[in-house]
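A short write-up of the structure that comes next.
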Amino acid sequence: MKKDNGLISGLVLLSLGLICGLLLALVNGLTADRIEAEELKLKFEAIEEFYDIDEFDLEEVILDNGSIYVLKNKSTSDIEHLVYSLRAKGYGDDVEMLVAVNDDLSVEGYTVTYQNESPGIGTKIVGNDFNYNQADDLSSFDSISGATVSSSAVKAIFNEVAGRAADDFGGGLDE
Amino acid sequence: MNKKDNFLKGILKENPLFVSLLGMCPSLAVTTSVENALGMTVAVVFVLVLSNFIISLIMSSEKLAALVKPVRIPVYIVVIATLVTVVEMLMHAYLINLYKSLGIFIPLIVVNCIILGRAEAFASENKPVDSIIDGLGMALGFGVAIVTVSIFREFLGTGLLTIWGNLQINLNFIFDFLRMSPVGMFTQPAGAFISLGFILAVIAAVSAKRQEKQLKQAKEVKANV
């Protein structure tokens with residue numbers, strides 16, 4: 001009668017899985033710090049499109065769906081600018097944007113830092129002018145026709161900025 | 001089959017994309033620029049060569065092969081998925097712009113049928129060295145194919161060829177000479193299908209012509225005999 005080696009085959013597969021898991025843990029250990037540093041570098045490069053980071057004290061406030069980079073005056077420690085890095089659900093994945101706001105609530109600029117939208121349709125959100133100029137006023141927002149879900153993700157991010165920017169500049173971040 | 005033929009078959013006679021039409025999904029998606037195609041090629045070379053080597057090593061031991069055979073597909077997937085994740089982490093750490101540009105198509109290498117196909121059809125039945133050569137040939141064949149498609153698409157779509165980072169070749173003078181603009185559609189999904197279809201049609205026409213010529217020569221030889 002033919003011997004059934006099903007259990008041993010399963011154990012071989014389990015052993016292979018363990019070896020592969022260890023290898024992945026090793027590579028993760030070697031690359032994790034660098035990945036974090038590279039991601040941060042990319043984010044800082046994006047912020048520098050709006051402001052010269054060296055001129056300010058930079059603090060990060062962590063939120064549930066992103067973070068806020070607080071740019072404070074070096075001598076008075078007053079908040080001069082806020083850069084929101086927020087995520088909202090897009091079509092393919094989350095859309096992540098940086099929105100730079102000045103202390104008079106004017107929008108300095110915004111940029112998409114991560115998206116995985118449909119090429120040629122949803123990807124039009126990258127570099128698009130949504131006509132968003134005042135942080136607490138979304139009445140002139142222009143969405144992209146044909147890219148409803150991606151535009152909604154951008155609007156959701158702007159909505160969050162609109163809802164909290166005045167409060168954040170007014171001391172809401174210290175609470 | 002000698003080692004040279006084993007290597008060359010993947011590039012020419014059994015090219016995974018142009019002949020076997022395997023791995024179409026990433027081929028259509030990432031060929032928007034030459035840089036993306038080159039990055040994808042590097043990732044596929046790493047995964048295919050190592051997965052072929054490891055699977056061949058496992059299957060070359062008779063005892064181990066007998067135990068692995070009933071669970072060979074999960075074993076292949078575990079090996080391939082591990083290698084792809086390693087590539088993904090390394091790319092994220094050292095080539096972050098390329099990593100962002102290739103996006104979801106890096107983890108999707110796990111389900112690329114070229115890699116699983118070579119594991120089952122070649123590596124599981126051949127020696128490790130031959131499997132490495134086969135993997136290298138197939139991966140480079142895939143690379144040659146997607147770079148060809150990307151040159152076609154990026155040139156017609158933007159007038160540029162982005163080799164790596166800021167290294168760009170501007171060929172817009174050709175469009176200026178022809179008094180026309182690049183056709184943006186070629187960087188879109190529809191352009192991918194049209195480009196690949198056109199290239200496959202040219203290859204089919206050339207090979208049909210060659211076959212016809214060979215047939216004619218054979219007939220002449222037969223008539224002379």
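Here are the numbers for this structure:
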| read-out | value |
| --- | --- |
| Pick from segment B:39-48, criterion of a type in the set (A, V, I, L, M) and surrounded by fewer than 22 Cβ atoms within 10 Å (Cβ to Cβ), ranking: modelled with the highest pLDDT | B:45 |
| Residue ID - farthest from residue B:80 (Cα to Cα), chosen from residues in segment A:1-48 that are small (Gly, Ala, Ser) and more than 26 Å from the chain's Cα centre (by Cα) | A:6 |
| Residues (of a type in the set (A, V, I, L, M, F, W, C) and touching a Gly at 6+ places or on another chain (Cβ under 9 Å)) located in segment B:179-210 | B:183, B:185, B:186, B:190 |
| Any hit, segment A:4-26, residues being within 13 Å of chain B (Cβ to nearest Cβ) and not in a helix (DSSP H, G or I) | yes |
| Test: residue B:80 is closer than 20 Å to residue A:19 by Cα, surrounded by 23 or more Cβ atoms within 10 Å (Cβ to Cβ) and in contact (Cβ under 8 Å) with a residue 12 or more places away in the chain | yes |
| Count - residues of segment A:131-163 that are among the small types (Gly, Ala, Ser), closer than 14 Å to residue A:101 by Cα and in contact with a helix residue (DSSP H, G or I) (Cβ under 7 Å, 6 or more places away or on another chain) | 1 |
| Subset of segment A:97-123 (residues that are within 14 Å of chain B (Cβ to nearest Cβ) and touching a residue at least 60 places away in the same chain (Cβ under 8 Å)) | A:111, A:113 |
| Any chance residue B:160 is on the phi < 0 side of the Ramachandran plot and surrounded by fewer than 17 Cβ atoms within 10 Å (Cβ to Cβ) | yes |
| One residue from A:100, A:88, A:46 being within 23 Å of residue A:163 (Cβ to Cβ) and not in a strand (DSSP E or B) | A:46 |
| Lone qualifier among B:179, B:210 - being on the phi > 0 side of the Ramachandran plot and either without any contact (Cβ under 8 Å) to a residue 24 or more places away in the chain or in contact with a Ser or Thr (Cβ under 8 Å, 6 or more places away or on another chain) (or both) | B:179 |
| Matching helices (runs of 4 or more DSSP H) fully within segment B:84-191 where at least 1 residues are away from every other protein chain (no Cβ under 13 Å) and either modelled with pLDDT of 95 or more or within 23 Å of residue B:24 (Cα to Cα) (or both) | B:113-121, B:128-158 |
| Residue in segment A:60-77 that is within 20 Å of residue B:97 (Cα to Cα) and touching a helix residue (DSSP H, G or I) at 6+ places or on another chain (Cβ under 8 Å) present | no |
| Any hit, segment A:109-127, residues being closer than 19 Å to residue A:84 by Cβ, more than 17 Å from the chain's Cα centre (by Cα) and assigned to a loop (DSSP other than H, G, I, E, B) | no |
| Segment B:114-155 - residue that is of a type in the set (A, V, I, L, M, F, W, C) and in contact with a strand residue (DSSP E or B) (Cβ under 9 Å, 6 or more places away or on another chain) and, of those, nearest to residue B:13 (Cα to Cα) | B:151 |
| Residue that is nearest to residue B:143 (Cα to Cα) [pool: residues in segment B:1-42 that are among the aliphatic types (A, V, I, L, M) and either in contact with a strand residue (DSSP E or B) (Cβ under 9 Å, 6 or more places away or on another chain) or within 14 Å of another protein chain (Cβ to nearest Cβ) (or both)] | B:38 |
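The values are calculated or read from the model by the stated rules, or taken from the named source; none is laboratory data. Please read these numbers as outputs of a predicted model, since none were measured by experiment. All Cβ positions, even for glycine, are placed from backbone atoms using ideal geometry, and neighbour counts span all protein chains on display.
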